[in-house]
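Okay, so here's the structure we're looking at.
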Amino acid sequence: MTLKTKTPYLALLALGIVFGDIGTSPIYAFQTSVTDGQSNAASIYGVASLIFWALTIVVSLKYLTFIVRANNKGEGGIMALFSLLPDEIRHPKRKLALAFYFAMMLGAAFLFGDGILTPSISVLSAVEGTGVINPHWVNLEVPITVAILIILFAVQSKGTGKIGAFFGPITLVWFLTIGYLGIREISKYPQVLKALSPTYALTYMGHQGLHTLVILSSVILAITGVEALYADMGHFGVRAIRLAWFIVAAPALIANYLGQAAEEIVNPKSANALFFDMAPNHSALIFLVIVATAATIIASQALISGVGSITQQAVNLGIFPRFKVIHTSKDQSGQIYVPLINFFVGVGSILLVVIFGSSAKLANAYSFDIAGTMLITTVAFFIVAVRKWHWNIALTSLIMGFFFIIDVGFFGSTSTKIFKGAWVPLSISLGIVYFVWVWRQGQIVLGKLIAKDAVSWDAIDSLIQEGKAVETENVGVFLTSSTLKIPQALMSQIRNLHSVPRKVVVVSINILDIPYAEPNGTQRVVNGRVTQVSISLGYFDPINVPKILREHCLTVEEEAKATYYLSDRKFNNLDSGEIRGFMEKAFTFLHRNSSPVGPYFGLPEERLVTLGVQLDL
């Protein structure tokens, strides 16, 4: 076993990637929660207790004990959870199943909103420490944050593999720092340890009444990033993530939150910059700001990479249209760069910093999306546990019902901030879900049209015998969604060019509901001319059709001379089809702006022929 495969080493790496987001929450979470409550000892104890039990119940118990069990061949995240759901939900026909299908899509879309908001609030909250160093620098906080974000998103195309090795050690320094600062403050006021008792959280909520919803909407900031923990488990494994959490991350976070509580009780006036006021002197403050900025950049990078990963999964599963995906590492398949998504996430993050101007205001927009994803994850896990794993329904209902109540509380609390900024992630997510709906409906109608126009292979042989099409001395490779259908590109070639390749290979790529799969192809010889090839891949596997053909049905010489034929579909946008109006225009836009099929399937451009097809949806 090499060092790079040992659990402690993987745990160190996990600190940077998995816990970057949740690890930087102390910069703003406790201060925002106290601001939403009352600055007296009872409320401070109550907030500290709520944060401790949120970390314990949601992170340690719900996710690290239960949710991580819902992995697909080791891969986690909401898309992996989606792939474990029963077929009637993944391919819905009934209204209830369709509703939950789009609830899952909304959960995935919420993570896109998180990918936009995390860089904004994390980096800005760290840079705000410069205003504590020197009050005259307050006006520079937004410009500095914007500059950092521009650089961060600009370097994505270069890949993060080389600097990724530094993420874990830097984040370890961050956790050791905040843990030390917390212990230092606790030593001044040890009574704050009483906040670990759940009675303080329960008593506080009882006294606050309905105002508890407002406070919970800030408390949830302490657990943002928990979905990243689940999504990134495939990179490091559950054991490494649990080790990193229970040995390093959790103790450091709990110590820091209790330390902030002790500091606020001893020095109530420090609430304007509660986290940075923990620094014992000016030099330590400068160090803290630098380390905090580095840690928030790492947290942002983890979310940016996560959004790219979700995009790739959604594209391969047919949920999204094709996006151009660039692999930035020859060794790490997970190191990808999606230019269009990177652009929109980068522009969105920068605009949020400019519009909101402070982490306190951004906190109102943050966390709503995570609360929604957490709630949807709980319901989906329950379905998987009962329907797929056949867990005891009564016991599972009791356990997941407990988590469901907590999730509903957090979701309801963050919903109170819809008009204060939470409308931003909600609007982004609903927009994404709408386009998922448009893409799905368009693909269904498109499939019907293709099936309607399909003809038999015997009919093609008849055209050749009648002299309406001639054979060409080459191998023609045609991609299709199903080997049972004659590709539109072949029909276009016959109708427009009146020719048919002497050897026709019809290729269908089937993306399985698992992350990785050994490429296994099945062949069926239709006649002396046509061979049908069906290839199954995982949704994380790279797609390279020429390589697959060389391994399964064509010799190296045949593939080197083969011509690849594709259809270039044009839509008439008439009002006579099943899809009309804005929906048809939206689908046309998505289809037209999808990444070209050739690069997506690894086809050689010099041997690629595209034939136009006119359709009315």
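Evaluated against (1) in contact with a helix residue (DSSP H, G or I) (Cβ under 8 Å, 6 or more places away or on another chain); (2) within 30 Å of residue 467 (Cα to Cα), residue 492 falls short on exactly one condition, (1). Against the test of being buried (at least 24 other Cβ atoms within 10 Å of the Cβ) and over 30 Å from the mean Cα position of the chain (by Cα), the options 261, 249, 292 yield a single qualifying residue, 261. In the set (1) at pLDDT 90 or above; (2) crowded, with 20+ Cβ neighbours inside 10 Å; (3) not β-branched (Val, Ile, Thr), the condition left unmet by residue 240 is number (1).
If you go through region 192-245 and keep only what is hydroxyl-bearing (Ser, Thr, Tyr) and under 21 Å from residue 260 (Cβ atoms), you end up with 197, 199, 200, 203, 204, 212, 217, 218, 224. Number of residues in region 69-80 that are crowded, with 20+ Cβ neighbours inside 10 Å and assigned to a helix (DSSP H, G or I): the value is 3. For region 131-153, the count of residues that are of a type in the set (Phe, Trp, Tyr) and either over 21 Å from residue 342 (Cβ atoms) or in contact with a strand residue (DSSP E or B) (Cβ under 7 Å, 6 or more places away or on another chain) (or both) is nonzero.
Evaluate region 553-573: report whether one residue or more is closer than 30 Å to residue 90 by Cα, touching a strand residue (DSSP E or B) at 6+ places or on another chain (Cβ under 9 Å) and free of Cβ contacts under 8 Å to residues at least 40 places away in the same chain. Looking for residues that are closer than 30 Å to residue 90 by Cα, touching a strand residue (DSSP E or B) at 6+ places or on another chain (Cβ under 9 Å) and free of Cβ contacts under 8 Å to residues at least 40 places away in the same chain, one finds none in region 553-573, hence no.
Condition check: within 22 Å of residue 267 (Cβ to Cβ), among the hydroxyl-bearing types (Ser, Thr, Tyr), touching a helix residue (DSSP H, G or I) at 6+ places or on another chain (Cβ under 8 Å) and at pLDDT below 90. Does residue 32 satisfy that? Yes, satisfied. Confirm whether residue 419 is exposed (fewer than 13 other Cβ atoms within 10 Å of the Cβ), closer than 30 Å to residue 351 by Cα and of a type in the set (Phe, Trp, Tyr). When the stated conditions are applied, residue 419 passes them. Only one of the numbered conditions (1) free of Cβ contacts under 8 Å to residues at least 40 places away in the same chain; (2) within 17 Å of residue 376 (Cα to Cα) is violated by residue 95, and that is (2). Evaluation of residue 195 against the conditions (1) at positive phi; (2) in contact (Cβ under 8 Å) with a residue 12 or more places away in the chain shows that the sole unmet condition is (1).
Screening region 204-245 for residues that are among the polar types (S, T, N, Q) and in a helix (DSSP H, G or I) and picking the one that is farthest from the chain's Cα centre (by Cα) gives 208. Of 370, 399, 428, 383, all but one fail to be closer than 30 Å to residue 131 by Cα and in contact (Cβ under 8 Å) with a residue 24 or more places away in the chain; the exception is 370.
Scan region 375-393 and tell me whether some residue there is assigned to a helix (DSSP H, G or I), among the aliphatic types (A, V, I, L, M), crowded, with 22+ Cβ neighbours inside 10 Å and at pLDDT below 90. Looking for residues that are assigned to a helix (DSSP H, G or I), among the aliphatic types (A, V, I, L, M), crowded, with 22+ Cβ neighbours inside 10 Å and at pLDDT below 90, one finds none in region 375-393, hence no.
The values are calculated or read from the model by the stated rules, or taken from the named source; none is laboratory data. Since this is a predicted model, take the numbers as computed values, not measurements. As a convention, Cβ positions derive from the backbone with ideal geometry for all residues, glycine included, and neighbour counts pool all protein chains shown.
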